[in-house]
Amino acid sequence: MNDWHGWAAIGVFVGTYALIISEKIHRVAAALGGAGLMLAIGAADDKSAFYSTDSGVDWNVIFLLMGMMMIVGVLKKTGMFEYLAIWAVKRARAKPFRVLAMLIVITALASALLDNVTTVLLIAPVTLLVCERLALPVAPFLIAEVFASNIGGTATLVGDPPNIIIASRAGLTFNDFLVHLAPLSAVLTVVLVLLCRIMFRKAFVFDEERAAEVMALEEREAIQNPRLLVQGLVVLALVVAGFVLHPVLHYEPSIVALLGAGLLVAVSTVETGDVLEEVEWPTLAFFAGLFVMIGGLIETGVISEISKALADVIGGNELGGSMVLLGASAGLSGIVDNIPYVATMAPITADLVHDMGGGSDHILWWALTLGADLGGNATAIGASANVVVLGIAERNRQPISFWQFTKYGLIVTAVTVAISAAYIWVRYFAFT
């Protein structure tokens, strides 16, 4: 760790984190203030903060979010989300728990094909409308969908940004993730549905009058602009194809999203200003501040020291090492965003795998992936999808506090990580 800068960086990060938790000031103000202090004390400079691919603002994440927010903003104007909300409620017979279970499964499946941030951007508007129609509290439904997005995102290479980093470093393929992690992701999705039945049981109040009103609606009448809907869905399909074909096309998701947003604005009659108004600018600013702060921890060697200490504990023990890596990754990914954590930990994991004589599909890679992805559920800022959903909820005047999210997130993380540990032991060690 580099002299006093490292300790100062820790102090800034801990202080900012405490302010975010306390909610005494807005989390965007706290993150930007913390970023400013990191620059002021020299823990980061303009080059490392804004131009570095290892320790600066991850512009791929920022512009991916911006592009998808613009596409979602156009789709909102078509009535598509109202259509989907009515359709989902009618298929679930307007029973609140059935609706939640359906949304969880849809979110998990979509997160495996898209990335989890794109999924919650698409699902959250539907959820807000469903809850409004049935007079249900919004927070339990949005929180459950975030959990589902992070769980579903573990299943594939494109499901969560950390997976892409790990695949690139380890030489893993799309099919490797399907074979090793998709079965577990399916099990954890079922477990999540059961957990939500218990955690949010007070939210499942059936309003017979409201339910009858929704059941009487004709979802097709919600579509306000069929031509714009077709244009939006075609562009969205092209964007999804671009995400899935990333290993072939080598276009970053951010480029695909921006190209899609630009194309949709160009071919439609929607005003550019109206589309830009749909972008969650405070959420993007929060991410930028968070990235600069974490970059300060990376630049001063704090993250590296933590990772090296972890490597020293693991040594050459595959079973013990995988359990330590799983647990430590889950814990750290709940505190710092899992993208920079994985970027820092991937080369160290590669060295450990090499020292153990393992191949590209070594168990340590799966332990790192599961810990980082599932640990993101632990707190309100543990993963990108969490922050995005909190921003959407706040914009729609349904704010979700840090602790409201985190008290459930810690339970879900503890249960899913424990099941993952059992899965690792049974699949890779018990019968060898």
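Data overview
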{"read-out": "Listing of helices (runs of 4 or more DSSP H) fully contained in the range 1-106 that carry 1 or more residues being without any contact (Cβ under 8 Å) to a residue 24 or more places away in the chain", "value": "3-22, 27-40, 46-50, 80-91"}
{"read-out": "Of residues in the range 379-407 being of a type in the set (Ser, Thr, Tyr) and within 16 Å of the chain's Cα centre (by Cα), the one nearest to Leu121 (Cα to Cα)", "value": "Ser384"}
{"read-out": "Ala378, sole failed condition from (1) crowded, with 22+ Cβ neighbours inside 10 Å; (2) farther than 28 Å from Gly34 by Cβ", "value": "(2)"}
{"read-out": "Positions within the range 284-317 being open to solvent by 30 Å² or more (accessible area, probe 1.4 Å) and at pLDDT below 85, in sequence order", "value": "Ile298, Ser304, Glu305, Ile306, Lys308, Ala309, Asp312, Val313, Gly315, Gly316, Asn317"}
{"read-out": "The range 156-211, subset of a type in the set (Ser, Thr, Tyr) and surrounded by fewer than 18 Cβ atoms within 10 Å (Cβ to Cβ), residue modelled with the lowest pLDDT", "value": "Ser168"}
{"read-out": "Residues being assigned to a helix (DSSP H, G or I) and at pLDDT below 75 - total across the range 356-377", "value": "0"}
{"read-out": "Filter pass, Leu37 being in contact with a helix residue (DSSP H, G or I) (Cβ under 9 Å, 6 or more places away or on another chain), under 23 Å from Val387 (Cα atoms), open to solvent by 20 Å² or more (accessible area, probe 1.4 Å) and not hydroxyl-bearing (Ser, Thr, Tyr)", "value": "yes"}
{"read-out": "Residue within the range 59-68 that is modelled with pLDDT of 85 or more, more than 26 Å from Asp160 (Cβ to Cβ) and open to solvent by 10 Å² or more (accessible area, probe 1.4 Å) present", "value": "no"}
{"read-out": "Single residue of Leu332, Leu325 found to be in contact with a Leu (Cβ under 7 Å, 6 or more places away or on another chain), modelled with pLDDT of 85 or more, within 30 Å of Phe13 (Cβ to Cβ) and not polar (S, T, N, Q)", "value": "Leu325"}
{"read-out": "Number of the condition not met by Trp87 [criteria: (1) open to solvent by less than 50 Å² (accessible area, probe 1.4 Å); (2) at pLDDT below 90; (3) not polar (S, T, N, Q)]", "value": "(1)"}
{"read-out": "Residues within the range 107-134 that are assigned to a loop (DSSP other than H, G, I, E, B) and surrounded by fewer than 24 Cβ atoms within 10 Å (Cβ to Cβ), tallied", "value": "0"}
{"read-out": "Every residue from the range 402-432 that is modelled with pLDDT under 90 and of a type in the set (Gly, Ala, Ser)", "value": "Ala430"}
{"read-out": "Filter pass, Thr78 being of a type in the set (Ser, Thr, Tyr), more than 27 Å from Ala182 (Cα to Cα) and crowded, with 21+ Cβ neighbours inside 10 Å", "value": "yes"}
{"read-out": "Residue in the range 261-277 that is most open to solvent (accessible area, probe 1.4 Å), counting only those that are among the charged types (D, E, K, R) and within 15 Å of Met68 (Cα to Cα)", "value": "Glu277"}
{"read-out": "Evaluation of Ala430 against (1) crowded, with 24+ Cβ neighbours inside 10 Å; (2) assigned to a loop (DSSP other than H, G, I, E, B); (3) over 22 Å from the mean Cα position of the chain (by Cα) (one fails), failing number", "value": "(1)"}
{"read-out": "Any hit, the range 41-57, residues being open to solvent by 10 Å² or more (accessible area, probe 1.4 Å), on the phi > 0 side of the Ramachandran plot and of a type outside the set (Ser, Thr, Tyr)", "value": "yes"}
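The values are calculated or read from the model by the stated rules, or taken from the named source; none is laboratory data. Because the structure is predicted, anything quoted here is derived from the model rather than measured. With ideal geometry, Cβ positions are generated from the backbone for all residues, glycine too; neighbour counts draw on all protein chains shown. Just so you know, the surface numbers come from the protein's heavy atoms only, side chains and all, with ligands and any DNA or RNA stripped out. Shrake-Rupley method; radii C 1.70, N 1.55, O 1.52, S 1.80 Å.
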